[in-house]
Amino acid sequence: STISEQLVSVDLASLLNEYLGSMTIILKNHEGVLDKYIGDAIVGIFNAPVDVKDHCLAAARASLEMIQKLSDQRKYWTENNLYCKDAQEMDVRIGLNTGLAKVGFMGTEKLASYTMMGDTVNLAARLEAAGKDYGVNILISETVNARVKEEMFTRELDLVRVKGKNEPVRLYELIAKRSEIAENLAESAELYEEGLNHYLKHEWDKAIEKLEKAEKIKGKKDKAAHQLIDRCEDYKKH
């Protein structure tokens, strides 16, 4: 909305087409299927209507490539003074989940679209939205993490109760391929997970110490760490 208010319709259409076009190409290159566009959002399906080998890994690889592509686009827009400053600094979030879902043509006899529905899909959408709270680009579920962790470097972010589900859900950030992870990010993620474990054991001071150290080694603000630290401080008082 902030970007659209600053651009004339022709420039907004150009920005959206450039962004959506490049991201959809990446999705298709990794054997993903475009379900639909919802405004500036892209909904993608992997492993339907045809089987895709290691579809969780395919989705994870596509997600990392999308984040890199946007970084390249932002740099190009800035260097060529295209669109507006907010567009040149825009960020995106991705939510990944896997499991059984109702997939097929849905609608009326005259107009039906190929899409997916169910709890699995709803959780993926909620993960995308929750990425904003934790300040991360790619948020994945425990089931996705289990299937990609050998190739991908992830960090466990939190344990939360999701609306409509009784069992708490473990959230993970997808950071990079293991072969490409920066040393400081790997060390920071390890300290963060140690802090999370202390937090879950109600060891507030130990948790705060680890989380602060994790952010310092990371070298930039870590919204997820601050969120946990604030919780620890709150629980100490009450």
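The values are calculated or read from the model by the stated rules, or taken from the named source; none is laboratory data. No experiment lies behind these values; they were computed from the predicted model shown. Methodologically, a virtual Cβ is constructed for each residue, glycine included, from the backbone with ideal geometry; neighbour enumeration extends over all protein chains shown. Calculation scope for accessible area: heavy atoms of the full protein, side chains included, ligands and nucleic acids excluded. Shrake-Rupley method; radii C 1.70, N 1.55, O 1.52, S 1.80 Å.
Numbers below:
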quantity	calculated
Probe 1.4 Å, protein heavy atoms only - accessible area per residue of the range 6-139 in square angstrom	58 Å²
Folded to 0 to 90 degrees: helix 119-134 orientation relative to the chain principal axis, Cα	60 degrees
Top positive-direction residue, dipole computed over the chain with Cβ charges, set His238, Ser22, Gly135	His238
Label corresponding to Kirkwood radius over Cα pairs in Å when calculated from the structure given, among (i) 19.5; (ii) 20.0; (iii) 23.7	(i)
Among 213-223, 56-66, 152-162, the order from most to least packed when residues are scored by Cβ within 10 Å on average	56-66, 152-162, 213-223
Net charge of neighbours whose Cβ lies under 9 Å from the Cβ of Asn137, counting Lys and Arg as +1 and Asp and Glu as -1	-1
In sequence order, calculated HN-Hα J values of the range 98-107 (Karplus, 6.51, -1.76, 1.60; Hz; x Gly/Pro)	9, x, 6, 8, 7, 10, x, 7, 10, x
In nm, spacing of pseudo-spin labels at Lys110 and Lys163 (7 Å Cα→C-beta vector)	3.4 nm
Dipole of the range 83-206, positive end: most advanced residue of Ile181, Thr154, Gly107 [Cβ charges, Cα centre]	Gly107
Unit charges on C-beta of K, R, D, E only; dipole of the chain, Debye	360 debye
Solvent exposure, largest accessible area first (probe 1.4 Å, DNA, RNA and ligands not counted), of Trp77, Trp204	Trp204, Trp77
Share of carbon and sulfur in the accessible heavy-atom surface of the range 143-198 [1.4 Å probe, %]	42 percent
Contact order relative to length of the chain, as percent, for alpha carbon pairs under 8 angstrom and 6 or more apart	12 percent
Size of electric dipole in the range 25-91: Cβ of Lys, Arg +1 and of Asp, Glu -1, about Cα centre, debye, nearest 20	80 debye
Residues whose placed amide H lies under 5 Å from that of Val52, excluding near-sequence neighbours	Asn47
Ellipticity estimate at 222 nm from DSSP helix runs (n ≥ 4, -39,500 (n - 2.57)) divided over the chain, nearest 500	-17000 deg cm²/dmol
Dipole magnitude of the range 140-203, debye to nearest 20 (Cβ charges: Lys/Arg +1, Asp/Glu -1, about Cα centre)	440 debye
Shape category assigned to the range 105-175 from the gyration tensor of Cα positions, a/c cut at 1.5	prolate
Cα-based reach from Lys85 at 24 Å (exclusive), listing lysines while leaving out same-chain residues under 8 positions away	Lys69, Lys75, Lys132, Lys220, Lys221, Lys223
